[in-house]
Each structure stands twice: as C-alpha cells, then as structure tokens.
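What follows is a single structure, written as structure tokens, with notes after it.
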Amino acid sequence: MMLEMMTLRSSLRNLFRQKARTAMTLASIVVGVMALIVSGGFVEDVFIQLREATIHSRFGHLQIYREGFYANGVKDPYKYMITAPEEVQIPLAAVPGVLDTMMRLNFFGLLNNGKTDLPIVGEGVEADKETKLGSHLVIIAGRQLKDTDVNGILLGEGVAKSLAIDVESFVTILANTPEGALNSVEFKVVGIFRTYAKDFDARAVRISLPAAQDLLRLQGAHSVVVSLADTLTTDAVAAKLAADLGRRGFEIKTWLELDDFYAKTVDLYKTQLAVLQFIILVVVLLSVANSVNMSAYERVGEFGTLKALGSHDWQISVLIIVENVLLGLIGATLGVVLGVLLALGLSAIGIPMPPPPNSNVGYTAYIRLVPSVLLVSFAIGFLATVLSSLLPARAVARVPVVDALRQNV
C-alpha cells in the first residue's frame, strides 16, 4: 500500500513538474474528446429529428393491417379491407401509452386540373386526428384539412407545382372502384403540404375518409394508424399488440419497418461516425505517444538514478503508466466537461443545415447529450492515453543502468 501511494505521489509531482509538456498532451486529449462529443451528439440529433419527422408527417408510430396486406396489398388492395375498425380500436384502447388511433384508406388515381392528368397516391384520412399526429407535416399554403371538408383536398408540394395548382383551385380525382368502374369526384384545394420526403410530396394527396369511401364506393379502411406518447415504447407496444391482434388476423408494422430510408440513413451515419471515432483515436494516440516518448526519453537519466537506488524495471514502467493514467483521467474528464458546455452553447444557437437527401427544405440541428456518447468519448480519450504509454514505458525501463546514468553527465 505504501509503495502504491509513493508511486501515485511521484506520478502527480512529475505531471506538475513538466507543465508545458503536460499541457500539450492534455490539449490533445481534450480536443479529441470534445470532437467526439460534438460529432456524436450531432449524429444523434439527425437520428432523432429524422425519426420524429418520419413518424409525425407520414407513418405514425404503428400501422395495423389485415394479415397479408403489407405483402400483397398493392396487387389486390380491396381484398384486405378493415371493415370493422372496432376490432382493432377496442383492444388498442386498453394498451398504456396509446394516444390516438385513426383510419386511412389508400388509393391510386389521376388528378386533373382541367388541362392535365397526373398519377397520384391518395389517402383518405380522419382529418382532425391526422392534424394532431402530423406535427411535422408543414402547410406551406392554405390550411390543414378538416373533418368538415367533405370535398376538400390537401396536395403535396410537388403535385401542386406539377399541375400549377394553388389554394382555392378545383381539381378532379379519377379512380377505379373495386368493381372496376371509373369514378370521378371534384375537390377544392384547401392546402398544400410538405413532408421530409420530396418523392412523397411529388405524388401524394389527402382527402377526408368519407370522401375517399364515396370515391371508391366502399366502406372501411386499409389501415389503422397508432400514435404513441413515447416513441421509445414503439417496439414494446408492437410486440404486445402482435400477440393479441395476430390471433385475430391482423399484422402490425412499426414506422421503422415502413420507412427503409431511415434505416439506410442511420447505417450511413453510424459508419461515418465509426470512421471519425477511429481517426480521432489515432490522432490522439499519436499526439499523446509523441509527448510521452519525448518526456520519457528526456528522463532516462532520472530513471537510471532510480534504478541505481534499487528500483526494478517494472517499477519504472509502472511509474510511467500511472502518470499517463492520471493524465488520461484528467484530460478525458476535462474533455467531457468542456464538450458538454460546447454542445449546450451550440444547441442554444442552433446549427442551420441544408436540405438532407430526398428533401427540399433545410432544418436546424442541435447537439444532443447522450450518455453513451459521453461514455465512449471519455473511454477513447482515456484509453488512447494509456495505450500510448505502454511501449515507451517498456523501452525506457529496459535501458541499462550505466547507459541511463550517462544521460546525467
């Protein structure tokens, strides 16, 4: 115990004795840890903002279909209708965390402005409920669709541009009924919307659920959309519902299963972050290794004196390693503290970002403080410092006493 305390005191004294070199090494560690915290927090913010935009502009947290609709619904959509929504809504009402449920009826058709036809993907929705869910669906002209808009229509931004349509214009939707007849209904444009997905906005329109049922000459819906109080409970709620509703001939899909763009984006950013972490690890490792090497070889005479006084090679190695353990702890801790302060400062200001891929609108990014990112950043700064000391500690400790003592002459 006495030996350990002496080693610790000696290590601390050596750090404060070589102020310039210690400050240079600490700067390398601190900057590296801060870079990891800021980059990791930025990427985490991208994940969260894209996730919430995906949920609150298009898919909701969960969607429930008749079994087989997701795989075969495009070929025969009217074979998988939910004609009795209470079969789904009553079990959902008993599940904790479920905020709301809403029905949607999907259809394909042609939108005509009196001159030109455009193929569209339509949704019949419960408008007032969708307004509550769609906090990330931006109305760029006009207003939101309401339940009272029996013949109102919302157009995606790309649809409105393609047909040169503005709010208050009248359009006609032509669609096939399940029996194969062609039906048409005239609608008045009440609003133009924009989501995070440019491709979706280029083809999507929304009308009220009764209007869609009238257009297609049928009752029921294709899906029940579920809104949850907490996105992090999505998988747990989905598993619970699958066990219950699965026995009744329904299938549940989460927002993540419905949007492969998000999964691909996450994979891309995670790969980029892993590469960045590796680069920072190497930079910190080389910077610290350079300082440690210079410091260790400048002190060869000192180590020779210690060996002449009876210290063993392993004690010299331990002394150098302990110094760098302390240096790593101090540097990584300072890096985390300053990184958190920098993240808070940047988040208070906000970082204007250009439109992401498949979108035509920019956004404001923030730096999220995530415990796992802080822990990984601290670990990388600390481990890089300790690892960089291993080779110099071994090499210096093995210098013969006579050669080491000559450095004092």
For this session: Report yes if residue 28 is within 22 Å of the chain's Cα centre (by Cα), buried (at least 20 other Cβ atoms within 10 Å of the Cβ) and not aromatic (Phe, Trp, Tyr), otherwise no.
Result: no
For this session: Would you check if there is a residue in the range 361-374 being modelled with pLDDT under 70, open to solvent by 50 Å² or more (accessible area, probe 1.4 Å) and in a loop (DSSP other than H, G, I, E, B)?
Result: no
For this session: Tell me which of these residue 236 doesn't satisfy, since it passes every other one: (1) under 33 Å from the mean Cα position of the chain (by Cα); (2) part of a strand (DSSP E or B); (3) of a type in the set (Gly, Ala, Ser).
Result: (2)
Problem set entry | Residues (farther than 24 Å from residue 73 by Cα and touching a residue at least 12 places away in the same chain (Cβ under 8 Å)) located in the range 245-269 | 265, 266, 269
Exercise. If you go through the range 25-69, how many residues are in contact with a helix residue (DSSP H, G or I) (Cβ under 8 Å, 6 or more places away or on another chain) and assigned to a helix (DSSP H, G or I)?
Worked result: 29
Exercise. For the range 101-147, what are the residues that are open to solvent by 30 Å² or more (accessible area, probe 1.4 Å), of a type in the set (Ser, Thr, Tyr), outside any helix (DSSP H, G or I) and under 28 Å from residue 91 (Cα atoms)?
Worked result: 135
Problem set entry | In the range 32-52, the residues that are open to solvent by 20 Å² or more (accessible area, probe 1.4 Å) and charged (D, E, K, R) | 44, 51, 52
Exercise. Looking at residue 185, is it crowded, with 21+ Cβ neighbours inside 10 Å, among the aliphatic types (A, V, I, L, M) and not in a loop (DSSP other than H, G, I, E, B)?
Worked result: no
Exercise. Quick check, is residue 213 open to solvent by 70 Å² or more (accessible area, probe 1.4 Å), over 35 Å from the mean Cα position of the chain (by Cα) and of a type outside the set (Gly, Ala, Ser)?
Worked result: no
Problem set entry | Residue pairs meeting the criteria (Cβ under 9 Å; at least 6 apart or on separate chains; first at positive phi, in the range 129-146; second surrounded by 18 or more Cβ atoms within 10 Å (Cβ to Cβ) and aromatic (Phe, Trp, Tyr)) | 142/193
Exercise. Among the residues of the range 245-271, which ones are open to solvent by less than 70 Å² (accessible area, probe 1.4 Å), touching a Lys or Arg at 6+ places or on another chain (Cβ under 9 Å), part of a helix (DSSP H, G or I) and closer than 22 Å to residue 99 by Cα?
Worked result: 255, 258
Exercise. What residue, of 242, 229, 221, is more than 30 Å from residue 377 (Cα to Cα), open to solvent by 40 Å² or more (accessible area, probe 1.4 Å), touching a residue at least 24 places away in the same chain (Cβ under 8 Å) and out of contact with any His (no Cβ under 8 Å at 6 or more places or on another chain)?
Worked result: 229
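The values are calculated or read from the model by the stated rules, or taken from the named source; none is laboratory data. Since the model is a prediction, treat every value here as computed from it, not as a measurement. Don't worry about glycine lacking a Cβ; one is built from the backbone with ideal geometry, like all the others, and counts go over all protein chains shown. Note: areas computed on protein heavy atoms with side chains; ligands, DNA, RNA excluded. Shrake-Rupley method; radii C 1.70, N 1.55, O 1.52, S 1.80 Å.
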